[in-house]
1. For a footprinting-style exposure proxy, rank 344, 83, 422, 95 by other Cβ within 10 Å, fewest first.
2. Would you please give the residues with an amide H less than 5 Å from that of residue 85, counting only those at least 5 places away or on a separate chain, with H modeled from the backbone geometry?
3. Each residue of segment 406-412 in turn: what ³J(HN,Hα) in whole Hz from Karplus with 6.51, -1.76, 1.60 and θ = phi - 60°, glycine and Pro shown as x?
4. Testing the spin-label approximation: label points 7 Å from Cα along Cα→Cβ at residue 210 and residue 335. State their distance in nm.
5. Quote the charge dipole size of segment 276-345 about the Cα centre in Debye, to the nearest 20; the model charges only the Cβ of Lys and Arg (+1) and of Asp and Glu (-1).
6. Which value in Å does the Kirkwood hydrodynamic radius of segment 103-243 take, with 1/r averaged over all unlike C-alpha pairs and then inverted?
7. Between residue 251 and residue 464, what FRET efficiency follows from the Cβ-Cβ distance if R0 is 45 Å, with the result rounded to 0.05?
8. At most 16 other Cβ atoms within 10 Å and a DSSP loop assignment: could you name the trypsin sites (Lys or Arg not before Pro) in segment 219-305 that fit?
Amino acid sequence: MCRSRGADKKDFTEVSLRRPSTLNNNSPVPGDSNILLNLPATPPLNLQENVEELYSRHREFFGEESQDDTPHSEADLKQIEPRKITLEDAEDLLRTFMKRASFFPFVQIPEGATVRALSKTSPFLLLAMLTSASINNPQLCHQMDCEFRRVLSMKIIVEGKKSLDFLQGLLVYIAWYPIQANPKNNQSFVYMNLAISLITDLGLDQETPNFNSFNDISTERLFEGGSFSKAAKRAYLGCYYLSSSISMGFQKPNAMQYRNLMDLHGQSLLEDEGPTEIQSLLKLQRLAERIVELHQSKQTTSDSYMDTFNSEVNVQIFINELQEWRDSTPQEIKNLPFVALAERAMGISIYSHELGFTRRPYREYLRSEESARAGLVSHLPNCLDASKKFFEYLLSMPQSSYLSFTTIQWGQIVRAVLVLSRLTFLMAATLGWDPEMTRTTVPLVMYLDCLCFRFQQISTSTPIGSEMPKNPDVLYVFKMVLGSVKKSYEKRVSLIQPGSFAVSYGNAVGAARGHCPIHDPNLSVYFPSPEDSIYSSSLGLSSGPSEISPGPTPPVYVASLFLISLLSTPLFYAVERTTIYGLP
């Protein structure tokens, strides 16, 4: 028997498990004390750990002298003291989140929503929103993140609660996943799989609800009449969008495959609400999936002319589909920042996949395609043009917009930097450029300079003299890494020599070898030890030096690895499960 819609209505007190140290238990939003949430003391947020191990890696692989490195004293680390979140604090965080909410339209918050109202109707979603809104305050975010995960594990995993509220909260949390709270413990796939299981438990993977299957499930806001509510349909589509994006970014199987039901739900929303950004994003995401699927199954033949012909056909098919999307999408939707970025990122994707920039392993792929390289030369300027359009739009946005970026947009930025870096040296080698011609034609340095300046401007972390902040926010670290990437890139470009430039399949080698940000002493305080990273086994970092093949390390590639661990950016498309020091 289906439970009544109001039977499972919970206030913010119940969601936080009625723990006296966490919430005032007298009312959902206490009136006397004005304390909404009591965050307990948490272990220190330490982004400087394992510095000694990192320097050891420097010496092991590069034979560098340590630069007066002093082991970080654990005694200097203090636990984060308990914090009281007042109703006013929560309202401020809610207002911050509402400014960003449009970048993930799959969970819509009513205009004028208040903490008091949401604590009664969507308490878990509210907790996720407050956690996501605190992301630029590392210590507060760390405490909020601990509280979110505690409630999540107790309510969903231990007690087995299931509701649309929990699903929406998970989607918001994943979209703005606060990896900087614990950069070595990226659990985005765990949360994504949990959200997908909720989709099944709530019956959202079916066209119509089966009212006999909801005995132990809260149906609050799940239905409208005899069908699923618009909020439920949006959550279903949002789960697919995130799962597809994250899976492609980490090059893992997608646990939530595309189905015709997604088109049906999208069409239903179209009939009820008119053209929406949700439909536009889903069409682009489906196109991105088809591009990846084609190149994953692509097999070369012994006929280079046929391979070149097939390449041209594939590019033209996808370009035509992208143009059809542009023609059918209303201008007001195309003008939305996150839609405009996705459109321009798709242009990069079409050409970069055909050029093999996102293949793994990249070097071996280029070797196998050497006979067909001549046929792909025509794609180089097109890829460059697509990259320029992406960066020009990105830099035309108000810098305050960057504060709204989800992991989707961060990944698009990193992928664009990676593609443009690889494109630079392939074009230089193919077209015989000198350093000046390279700088003039590929303005990556200018793009990186502008981004670094903007991230510094909106970061809440301020260095004290020459010292870097102990626990910097995401924007500050992003700025530091891109600065290191720029420095290495400039060095490599300066060593280009037409006709004698040392290039192995489009990549600088020898004296032109790139510099790896993860081994930049100036950034050491922000990096966990490579062998301690959750990616170490897949990257071959557990191997000894003798097992690591020599070769240049692309700066943008390793920056991508770092930003995966620090920003949880799911779309670091070029993550290749090969030895980090052997990558081109």
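We did not get these values from a lab; they are worked out from the coordinates using the rules stated. None of the values given here were measured: they were computed from a predicted structure. Cβ sites come from the backbone with ideal geometry, for glycine too, and all protein chains shown count toward neighbours.
1. Numbers: 344 21, 83 16, 422 25, 95 11.
Taking fewest neighbouring Cβ atoms as first place, the list is 95, 83, 344, 422.
2. 36, 37, 38, 39
3. 8, 4, 5, 5, 4, x, 4
4. 4.7
5. For this selection, approximately 180 debye.
6. 15.5
7. Details: r = 40 Å, r/R0 = 0.89.
Once the sixth-power term is evaluated, E becomes 0.65.
8. Details: sites: 221, 230, 233, 234, 259, 283, 286, 290, 298; in loops: 221, 259, 298.
Hits after loop and neighbour filter: 259, 298.
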